[in-house]
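Engineer: Okay, here's the structure, questions in a sec.
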Amino acid sequence: MSPADALLSWFCAHARDLPWRGAGASPWPVMVSEFMLQQTPVARVLPYFTQWMRQWPTPADLAAASPADVVRAWDTLGYPRRALWLHEAAATIVDAYGGEVPADYSALRRLSGVGDYTASAILAFAFGVRIPVIDTNVRRVWWRWELGQDDAAVQPRVEHAALERWLPADGHRAAQVSLAIMEFGALICTARTPLCTQCPIAETCQWRERGYPRPATRVRPISKRYEGSDRQARGRILAVLRRTADATELTAQTVNWQDPGQFERAVSSLANDGLITQVRENVWKLPD
Ligand code: SF4
């Protein structure tokens, strides 16, 4: 049995039931879920996704909303620039594609907030296009199972070609295989403690065969503390503005932030991102 077939069988038995998956999933919910899942875990996304789709079930519905409503609905999901990108993308879908998410890689890449991963995910999961969908989970499974390494520097086109070889010829089945690898990487072949005793491809895993070598030196991204960070300052400011439809005076004191310099920096970056609009000195509101 190929690794793809083995992972697909595992997926059929163990996949989480998520509202943006399955035969009934149409392109718009797939696109919304992919925006929300960038840098945010599934469990956190679920209630926001449900509410979002209830409020804006089509791109036209979202395009007609005000940016303020969109930022308000994004609430504390994090990285709120994604909300405005999704809103801008919805407007482009309405203006340029008749309100339908385009089934074309180049067209998708031209939408705000859509990079290679998101375009590939939409094509595969919404339209059944045979294209590798490569996130950190997929990459890690491939490194371990095929390369026998826990970390590797591989050119994107080599990675793309290798993972394309995992996919069956049929596009819809290929999409299921991509989902299966992602889910398997998220639940079983995890970064820190892979559950190899539950692994359906353990017998042929090169990393296991080699005794699980870890790289001697690995540059791990430094996880930045949220407490006291610019992100927290930005979140504090947005939280104040989300609570009211009115323009509001914002100072370090009114948002209860200790560092005035950091507060000013947070206000500037939110304004640069289009997430807040200045009414007059020290008075701000969510964008119209
Ligand atoms: S044997 Fe372990 S490391 Fe190898 S693919 Fe399976 S879960 Fe991952």
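Engineer: Quick check: from the Cα gyration tensor, does region 53-105 come out rounded (a/c under 1.5), prolate or oblate?
Structural biologist: Because a/c hits 1.5 or more and a/b exceeds b/c, region 53-105 counts as prolate.
Engineer: Evaluate the relative contact order of region 29-170 (contact order divided by residue number), counting alpha-carbon pairs under 8 angstrom at least 6 apart; express in whole percent.
Structural biologist: Computed over region 29-170, the figure is 19 percent.
Engineer: On to the next question. Using a 10 angstrom Cβ neighbour count of at most 14 plus a DSSP loop assignment to flag exposed GluC sites (Glu not before Pro), which longest range of the chain is free of such sites?
Structural biologist: Longest run free of exposed loop sites: 101-226.
Engineer: Label region 1-212 by shape, choosing from rounded, prolate and oblate, from the square roots a ≥ b ≥ c of the eigenvalues of the Cα gyration tensor; if a/c is under 1.5 it is rounded, and otherwise prolate applies when a/b is larger than b/c, oblate when it is not.
Structural biologist: The shape class here is prolate.
Engineer: Follow-up question, since we're still on this one. Normalising by the residue count of the chain, find the relative contact order in percent from Cα pairs under 8 Å and 6+ residues apart.
Structural biologist: 18
Engineer: To continue, here is another question. Taking the chain as a Gaussian network, where each spring joins two C-alpha atoms under 10 Å apart, which residue of ALA119, ALA191, ALA83 fluctuates the most?
Structural biologist: ALA191
Engineer: In whole Hz, with x marking every Gly and Pro, tabulate ³J(HN,Hα) for region 51-62 from phi via Karplus 6.51 cos²θ - 1.76 cosθ + 1.60, θ = phi - 60°.
Structural biologist: Along region 51-62, the couplings run 5, 4, 5, 5, 7, 10, x, 9, x, 5, 4, 5 Hz.
Engineer: How high is the relative contact order of region 118-189, in percent, counting Cα pairs under 8 Å that sit 6 or more residues apart?
Structural biologist: This gives 46 percent for region 118-189.
Engineer: In addition: Shape of region 230-285 from its Cα gyration tensor (a ≥ b ≥ c, root eigenvalues): rounded if a/c is under 1.5, otherwise prolate when a/b > b/c, or oblate?
Structural biologist: rounded
Engineer: For labels at ASP246 and ALA161 in the simple 7 Å Cα→Cβ model, what's the distance in nm?
Structural biologist: For ASP246 paired with ALA161, the spin-label model returns 6.4 nm.
Engineer: Ranked by Cβ crowding within 10 angstrom, fewest neighbours first, how are SER112, SER120, SER268 ordered?
Structural biologist: Fewest to most other Cβ atoms nearby, the residues stand as SER268, SER112, SER120.
Engineer: Test of understanding: in a Gaussian network model of the chain with alpha carbons linked when under 10 Å, which of ALA161, ALA103, ALA68 would top the mean-square fluctuation ranking?
Structural biologist: Among ALA161, ALA103, ALA68, the largest GNM mean-square fluctuation belongs to ALA161.
Any read-out appearing in this document is the output of simple, stated calculations on the displayed coordinates, not a laboratory observation. For clarity, every value in this text was computed on a predicted model and none was experimentally measured. Note: ideal-geometry Cβ built from the backbone for every residue, glycine included; neighbour counts use all protein chains shown.
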